[in-house]
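Presented below is the structure to which this report refers.
All of the numbers you see were taken from the coordinates with simple rules; none came from a lab. All figures in this text were calculated on a predicted structure; none of them were measured in a lab. Methodologically, a virtual Cβ is constructed for each residue, glycine included, from the backbone with ideal geometry; neighbour enumeration extends over all protein chains shown.
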Amino acid sequence: MQGQSRTSVAVADDQAFEVVRDATSVLHTHNLTKVFRSGQQETRPLDGIDLSVERGEMIAIVGPSGSGKSTLLHLLAALDTPTSGEVYFARNSLWSLSEEKLAEYRNRTVGFVWQRHHLLPDFTAAENAAMPLLVRKVALKQSLKAAGEWLGEVGLGDRSEQRAGELSGGEQQRVAIARALVNQPSVLLADEPTGDLDERNAEGIFDLMLRLHHSHRLTTILATHNSSLARRTDRVLALEHGKLAPALEPHPLAGLGNTQFANAGAKTPGERG
Ligand SMILES: Nc1ncnc2c1ncn2[C@@H]1O[C@H](COP(=O)(O)OP(=O)(O)OP(=O)(O)O)[C@@H](O)[C@H]1O
Ligand SMILES: [Mg+2]
């Protein structure tokens, strides 16, 4: 069921955004810069980022707290505007899209998983997961049916009717993943999706994301502080001092606690063009 619908959604995306079908780069940024100013204080978490993400890639963004990982994901999701530079989806500059297409990009092309799930505690798991469909004015019955199927995919098939506030942290994050995917986006952005979970639940959520990434042919970018999970993605990029670079191989003599990452096959953004 999902495979077939994905194809139709991908085609819808392609039509909406004039995708060049043989193009492998689905998302890219050019000289992306974000400056926050408050009073005399200026913070520049992103300082000329050139990132190229291929269709079907899974990328981990790592970096110290405050380095700009959330800022970057928000710009990729069009939840915030850059100070300068561009974000392109399928060669379309996001900020040159009409309001209508930009809303469609936010709602349908991209799914977003937050560190804190932001579920509505008094609503059921299915109602929460159905929210993006309801925003699109899809009929309630149809929305709940689709949400129920996604809850099955994330391992909560028997919890559809339970209030979100009664679920465990790991279960709530699963509902948030179902909600992010219910519109069958082609891009999944996740901001420290395992940040609030214990090790076992974090592993479980990461395994789930990896499985969904492959089975739904997603392009996935996640921010994480967890080096062992980051290493299991296709590419690890480190964000620091406003710049994004391939994370380095750990030094062979480096002991536990090393903050650098294995990164087999990493290419610089320039190499990926
Ligand atoms: N709306 C804002 N106004 C002012 N400064 C901001 C705003 N949002 C983020 N910043 C600043 O930008 C920098 C990057 O913040 P960001 O939240 O992107 O970091 P992060 O890498 O996601 O950190 P963490 O790992 O703790 O989540 C920080 O110095 C932060 O204080
Ligand atoms: Mg953050």
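The table that follows gives values for the structure above.
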{"item": "Partners for K69 among lysines (Cα-Cα distance below 17 Å; same-chain residues under 8 apart left out)", "result": "K34, K243"}
{"item": "Calculated FRET efficiency for the pair A103/H214, C-beta based, R₀ 35 Å, to 0.05", "result": "0.75"}
{"item": "Fully extended contour minus Cα-Cα distance, from Q162 to T43, at 0.36 nm per residue", "result": "38.6 nm"}
{"item": "Magnitude of the charge dipole, region 103-232, Cβ model with Lys/Arg +1 and Asp/Glu -1, debye to 20", "result": "560 debye"}
{"item": "Under 26 Å from the Cα of K137 - lysines, other chains or at least 8 residues apart", "result": "K101, K145"}
{"item": "Whether region 167-234 is rounded, prolate or oblate, judged on the alpha carbon gyration tensor where a/c under 1.5 counts as rounded", "result": "oblate"}
{"item": "Proximal charge balance of Q172 [Cβ under 12 Å; K/R count +1, D/E count -1]", "result": "+2"}
